[in-house]
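Colleague: To start, I am sharing the structure in question, which I have written as structure tokens.
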Amino acid sequence: MNFRSINEDLWVRKREIVLTLFGLVLGITFLSFFLAEQLPSVMLQVKEEEWGRLVATIVFNLLVLSLFYGSLLYKLTRLGYIFRRKQYLRSASSHEHDVEALMDDANRPLVTVLVPSYKEELDIIKMTLLSAAFQTNVDRRITLLIDDPPDPSNAKDLADLVAARNLPGQLMQLLDAPRESMENHQAIFLQNLSKNNSIDLVEEWSLVRALWQEVAHWFEEYQYGYAANDPHTALFKDHILQRHVERARKFVKECEGEISHASALGKVQPHHPVIRTLRQHYTTLVSTFSVDISSFERKRYCNFSHEPNKAMNLNTYIGLLGKSLVEEQSKAGISLKPTDEKNATLTLAKPDYIITLDADSLILPQYTDKLVSLMEAEAHTKTAVIQTPYSAFPDAQGSLERVAGITTDIQYIIHQGFTGFGATYWVGANALIRMKSLEDIVQTSMEDGNEINHYIHDRTVIEDTESSIDLVEKGWGLHNHPERLAYSATPPDYGSFLIQRRRWANGGLIILPKLMRYLARWPWSPKKFVEGFFRIHYLASIAFVNVALLILLATPFASLIDTVWLPLTCLPYFFLYCRDIQLCGYRATDFFKVYALNLLLIPINLGGVLKSIQQGITGMKIPFGRTPKVQLRTAADPIYIYSTYMLVLILIGWLANTSLGFYEAYIILGDINVEIMTHGLFALFNASFLLYACITFIGLKESWEDTRIPSLMSGKVKEDQLHPVESGEVVYIKPEAQTVSSLTKEYEKEVPQLS
């Protein structure tokens, strides 16, 4: 599989700036003409006291303005992204110098990488952990935060849990041999220096060259274990393992150049300047394989929160950093308590930075180098979170996965634009976080007599979004680095896609009052107004945009307005969105598939919004719906299947109604009613795309199967054919032939070392 990467430099051309500015002006102009055209109608309705029609007209215009708000924001973020990218290219060389300075610093900051995991596929976790392990230069500790139930109820879950527990140890064994080799050579080199002997530069540089050749060979050999037959593996192999091969070969060439110069110098004393360069090479060689990988399970301990969400999985471990701990047995179960260093069974270093990395995400080798060097710069002393918003894995095989990936890549542009206007939001799939900033926003609560720390707040299921507001309120900043250095998986089927997008749609309305309090707080400034313009849309748009779309699609509002300016208002937005799809490497016709997917999202997003309203009224937290990571299809909640097809029927009914009206007007009056025909085409257009989405992204057969879930749950299908996940959805799996007890001993055996 040929890995397709996105060339971001395509956006920095002057033509893209001109097109974006032209789209902005054109959109505002068309909207102005539309509103000007509506004013006489409104005045006439007031004069003739047609209050019902007046209210309908005002509501319709508000719906139009809410949709235009989103299109205006998109154009502005696109412009912000372009200018940020141009600025980054101008300063790229100085940034590389900052990275080299960080590598040269003897007191490099410590980075702890946290990978929260819940019932993930082992191969996916393995690549994620290795992508973190193969970061360059920085001191790093990696912890897999296993959140599976510690006492599985079936054989498959037990097998997966034991495999996940064994994985960190296997990866450490994998890296032990090359690490020990590099450490031994470094020790010999330092020993020679300490004896104050003269150093033969040709001999030393030849040895370093050989070591880099050994590193290149190690990564080449390890690549052979991966067949790049899916996008996830292709990226891991070609852009992580292969980049280390290329990096090692670059150092080999550098050493060859040093050998030719060293022949003229011969032997030198330990204080010679070239010795410093040799020291750096040995440090880098050791750092390539020197990493600590471990695992932690909060659910094994009774004194920690067992809330089923990612935030509390992270919070538990973050609260232990910098402490010495010991296990204590009691009637309630096992507890993990602070103790002195002498009696500790677990001691965790306190890092300068934390990376949160989803278990289905990959970060490129230079991710940590670049982001840490930025955090260490004076300009970012008050930056709490820095990230590269994740991109979708290219070349996805499934139609839904591919089209959803397009929306992910477009969101990258929007988030980069947010930073350009000082309105960055933390996106939780990957982020580098300053430990001090988390300590600044931590809150505590009591649960069963135990003190629970909340660094990342879990009041909503979009914990990273609410934490963004918490950090901003405390004076911290957030920043998106303008490079694509992180990739995350897109759900492969409608069931898992539904769970993910419904979770994303849930929580914005709950967080909105907190944002408004922050924006209303003195002092006010133009900068704060601009920030609010972008932040408010991010939190509220899923609610008002989808409500607006549903009303426009499912009601005859459009019959109140007969104007050419309204569709023209949309054209600049559609054009720029389509252009960005092409620049991301997709086909222009994929724009229509994205349009169909957005229609399919209306019931899903409204479901998430209703969950927010439910939480706002009852005060009870909505359960965190984890996105299932399984090989077989995830079944969808039947209510979303029914509501989607109901929307199709409404559109078809509207189409039939307008078609009948057009026919009557033509036959009885002999008049071709353009207004009725326009409405019919509007209904036909949307009904066709939504039906296409149902067939392509859900599937007719799958729709039928999923609507039968209530009968499945009532007992017509055996329970062992269904696998419930914490979110309450259902995943189809094959029945297990073996029982839990028959597999316990087998999977608790030591798993062979990974090759």
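Colleague: Looking at the structure I just gave you, is Thr283 among the hydroxyl-bearing types (Ser, Thr, Tyr) and free of Cβ contacts under 8 Å to residues at least 24 places away in the same chain? It would help to see each step written out before you state the result.
Modeller: Numbers: among the hydroxyl-bearing types (Ser, Thr, Tyr): yes; free of Cβ contacts under 8 Å to residues at least 24 places away in the same chain: no.
So Thr283 fails the test.
Colleague: Mind checking whether some residue in segment 292-301 is among the small types (Gly, Ala, Ser), open to solvent by less than 40 Å² (accessible area, probe 1.4 Å), under 22 Å from Met435 (Cβ atoms) and in contact (Cβ under 8 Å) with a residue 60 or more places away in the chain? Quick ask: steps written out before the conclusion?
Modeller: Taking segment 292-301 and keeping what is among the small types (Gly, Ala, Ser), we get 294-295.
Retained after the next criterion (residues that are open to solvent by less than 40 Å² (accessible area, probe 1.4 Å)): 294.
Next, from what is left, pick out any that are under 22 Å from Met435 (Cβ atoms): 294.
Cutting the leftovers down to in contact (Cβ under 8 Å) with a residue 60 or more places away in the chain gives us 294.
Checked against the condition, which is being among the small types (Gly, Ala, Ser), open to solvent by less than 40 Å² (accessible area, probe 1.4 Å), under 22 Å from Met435 (Cβ atoms) and in contact (Cβ under 8 Å) with a residue 60 or more places away in the chain, segment 292-301 yields at least one hit.
Colleague: With respect to the numbered conditions (1) open to solvent by less than 40 Å² (accessible area, probe 1.4 Å); (2) modelled with pLDDT under 90, which one is the sole condition not fulfilled by Tyr88?
Modeller: (2)
Colleague: Does segment 634-641 contain any residue that is at pLDDT below 70 and open to solvent by less than 90 Å² (accessible area, probe 1.4 Å)? Let's see the steps before the verdict.
Modeller: First, the residues of segment 634-641 that are at pLDDT below 70: none.
No, every residue in segment 634-641 fails to be at pLDDT below 70 and open to solvent by less than 90 Å² (accessible area, probe 1.4 Å).
Colleague: Given the structure, is Glu466 open to solvent by 10 Å² or more (accessible area, probe 1.4 Å) and either in contact (Cβ under 8 Å) with a residue 12 or more places away in the chain or closer than 30 Å to Ser5 by Cβ (or both)?
Modeller: Details: open to solvent by 10 Å² or more (accessible area, probe 1.4 Å): no; either in contact (Cβ under 8 Å) with a residue 12 or more places away in the chain or closer than 30 Å to Ser5 by Cβ (or both): yes.
Here the answer is no, as Glu466 does not meet what is asked.
Colleague: Can you tell me which condition Pro150 does not meet? The list is (1) buried (at least 20 other Cβ atoms within 10 Å of the Cβ); (2) in a loop (DSSP other than H, G, I, E, B), and all the others hold.
Modeller: (1)
Colleague: May I ask you to list pairs of residues, at least six apart or on different chains, whose Cβ atoms are under 8 Å apart, with the first in segment 185-213 being open to solvent by 50 Å² or more (accessible area, probe 1.4 Å) and the second being of a type in the set (Asp, Glu)?
Modeller: Correct list of pairs: Arg209/Glu256.
Colleague: Exactly one of (1) touching a residue at least 60 places away in the same chain (Cβ under 8 Å); (2) assigned to a helix (DSSP H, G or I); (3) not hydrophobic (A, V, I, L, M, F, W, C) is unmet by Arg517. Its number?
Modeller: (1)
Colleague: Here are the criteria: (1) buried (at least 16 other Cβ atoms within 10 Å of the Cβ); (2) at pLDDT 90 or above. Tell me which single one Leu571 does not satisfy.
Modeller: (1)
Colleague: Could you count how many residues in segment 214-225 are more than 19 Å from Gln280 (Cα to Cα) and open to solvent by less than 60 Å² (accessible area, probe 1.4 Å)?
Modeller: Taking segment 214-225 and keeping what is more than 19 Å from Gln280 (Cα to Cα), we get 217-225.
Adding the requirement that they be open to solvent by less than 60 Å² (accessible area, probe 1.4 Å) leaves 218-220, 222-223.
Looking only at that region, the number is 5.
Colleague: Still on this model: So, Arg535, is that one in contact (Cβ under 8 Å) with a residue 60 or more places away in the chain and either in contact with a His (Cβ under 8 Å, 6 or more places away or on another chain) or under 30 Å from Pro603 (Cα atoms) (or both) or not?
Modeller: On the way: in contact (Cβ under 8 Å) with a residue 60 or more places away in the chain: yes; either in contact with a His (Cβ under 8 Å, 6 or more places away or on another chain) or under 30 Å from Pro603 (Cα atoms) (or both): yes.
So Arg535 passes the test.
Colleague: Could you check how many residues of segment 226-243 are open to solvent by less than 70 Å² (accessible area, probe 1.4 Å) and more than 16 Å from Thr128 (Cα to Cα)?
Modeller: Total meeting the criteria: 1.
Colleague: Follow-up. Which residue, of Thr29, Thr57, is over 29 Å from Thr424 (Cβ atoms) and either open to solvent by 80 Å² or more (accessible area, probe 1.4 Å) or in contact (Cβ under 8 Å) with a residue 40 or more places away in the chain (or both)?
Modeller: Numbers: Thr29 fails: either open to solvent by 80 Å² or more (accessible area, probe 1.4 Å) or in contact (Cβ under 8 Å) with a residue 40 or more places away in the chain (or both).
Selected residue: Thr57, the only one of Thr29, Thr57 that is over 29 Å from Thr424 (Cβ atoms) and either open to solvent by 80 Å² or more (accessible area, probe 1.4 Å) or in contact (Cβ under 8 Å) with a residue 40 or more places away in the chain (or both).
Colleague: If I filter segment 333-343 for residues that are touching a helix residue (DSSP H, G or I) at 6+ places or on another chain (Cβ under 7 Å) and closer than 22 Å to Thr128 by Cα, do I get at least one hit?
Modeller: The first filter runs over segment 333-343 and keeps only residues touching a helix residue (DSSP H, G or I) at 6+ places or on another chain (Cβ under 7 Å), leaving 334.
Right, trim to closer than 22 Å to Thr128 by Cα and you get none.
No: zero hits.
Colleague: Inside segment 342-373, can you point out the residues that are of a type in the set (A, V, I, L, M) and open to solvent by less than 30 Å² (accessible area, probe 1.4 Å)?
Modeller: Step one: of segment 342-373, the residues of a type in the set (A, V, I, L, M) are 344, 346, 348-349, 354-355, 357, 359, 362-364, 371-372.
Passing the criteria: Ala344, Leu348, Ile354, Ile355, Leu357, Ala359, Leu362, Ile363, Leu364, Leu371, Val372.
Colleague: From the residues in segment 470-486 that are hydrophobic (A, V, I, L, M, F, W, C) and part of a strand (DSSP E or B), which one is nearest to Ser131 (Cα to Cα)?
Modeller: Ala486
Colleague: Moving to a separate point now. Being buried (at least 21 other Cβ atoms within 10 Å of the Cβ), of a type in the set (S, T, N, Q), modelled with pLDDT under 80 and not in a helix (DSSP H, G or I) narrows it down to one of Thr627, Thr658, so name that one.
Modeller: On the way: Thr658 fails: not in a helix (DSSP H, G or I).
Going through Thr627, Thr658 in turn, just one is buried (at least 21 other Cβ atoms within 10 Å of the Cβ), of a type in the set (S, T, N, Q), modelled with pLDDT under 80 and not in a helix (DSSP H, G or I): Thr627.
Colleague: Let me ask another. For segment 249-300, give me the residue count where each residue is out of contact with any Ser or Thr (no Cβ under 6 Å at 6 or more places or on another chain), under 30 Å from Met312 (Cβ atoms) and of a type outside the set (Val, Ile, Thr).
Modeller: Final tally of qualifying residues: 5.
Colleague: Another one. Identify all residues within segment 365-384 that are touching a helix residue (DSSP H, G or I) at 6+ places or on another chain (Cβ under 7 Å) and among the aliphatic types (A, V, I, L, M); write none if there are none.
Modeller: Within segment 365-384, Val372, Leu374, Ala377, Ala384 meet the criteria.
Colleague: Condition test on Ala505, is it under 26 Å from Lys370 (Cβ atoms), open to solvent by less than 20 Å² (accessible area, probe 1.4 Å) and of a type in the set (A, V, I, L, M)? Working first, answer last.
Modeller: Numbers: under 26 Å from Lys370 (Cβ atoms): no; open to solvent by less than 20 Å² (accessible area, probe 1.4 Å): yes; of a type in the set (A, V, I, L, M): yes.
In short, no.
Colleague: Continuing with this model, one more query. Is at least one residue of segment 390-411 over 12 Å from the mean Cα position of the chain (by Cα), surrounded by fewer than 19 Cβ atoms within 10 Å (Cβ to Cβ), hydrophobic (A, V, I, L, M, F, W, C) and not in a helix (DSSP H, G or I)?
Modeller: no
Colleague: I want to confirm something. Restricting to segment 153-184 and keeping residues that are of a type in the set (S, T, N, Q) and within 21 Å of Thr283 (Cα to Cα), which single residue is most open to solvent (accessible area, probe 1.4 Å)? Break it down stepwise before answering.
Modeller: From segment 153-184, those of a type in the set (S, T, N, Q) are 153-154, 166, 170, 173, 181, 184; that's our starting set.
With within 21 Å of Thr283 (Cα to Cα) added as a condition, the list becomes 173, 181, 184.
Values: Gln173: 71, Ser181: 29, Asn184: 95 Å².
It comes out as Asn184.
Colleague: Moving on. Would you be able to say whether some residue in segment 540-554 is within 14 Å of Trp426 (Cβ to Cβ), open to solvent by 30 Å² or more (accessible area, probe 1.4 Å) and not in a loop (DSSP other than H, G, I, E, B)? Write out each step before concluding.
Modeller: Kept after step one, since they are within 14 Å of Trp426 (Cβ to Cβ), are these residues of segment 540-554: none.
No, every residue in segment 540-554 fails to be within 14 Å of Trp426 (Cβ to Cβ), open to solvent by 30 Å² or more (accessible area, probe 1.4 Å) and not in a loop (DSSP other than H, G, I, E, B).
Colleague: Please verify whether Gly449 is over 19 Å from the mean Cα position of the chain (by Cα), surrounded by fewer than 23 Cβ atoms within 10 Å (Cβ to Cβ), touching a residue at least 24 places away in the same chain (Cβ under 8 Å) and more than 24 Å from Gly585 (Cα to Cα), treating the condition exactly as stated. So that I can check it myself, show each step before the final result.
Modeller: Details: over 19 Å from the mean Cα position of the chain (by Cα): yes; surrounded by fewer than 23 Cβ atoms within 10 Å (Cβ to Cβ): yes; touching a residue at least 24 places away in the same chain (Cβ under 8 Å): no; more than 24 Å from Gly585 (Cα to Cα): yes.
Spelling it out, it is not the case that Gly449 is over 19 Å from the mean Cα position of the chain (by Cα), surrounded by fewer than 23 Cβ atoms within 10 Å (Cβ to Cβ), touching a residue at least 24 places away in the same chain (Cβ under 8 Å) and more than 24 Å from Gly585 (Cα to Cα).
The values are calculated or read from the model by the stated rules, or taken from the named source; none is laboratory data. What you see is a predicted model, and the numbers here were worked out from it, not measured in a lab. When we count neighbours, we look across all protein chains shown, and the Cβ atoms used for this are built from the backbone with ideal geometry, even at glycine. SASA here: full protein model, heavy atoms, side chains in, ligands and nucleic acids out. Shrake-Rupley method; radii C 1.70, N 1.55, O 1.52, S 1.80 Å.
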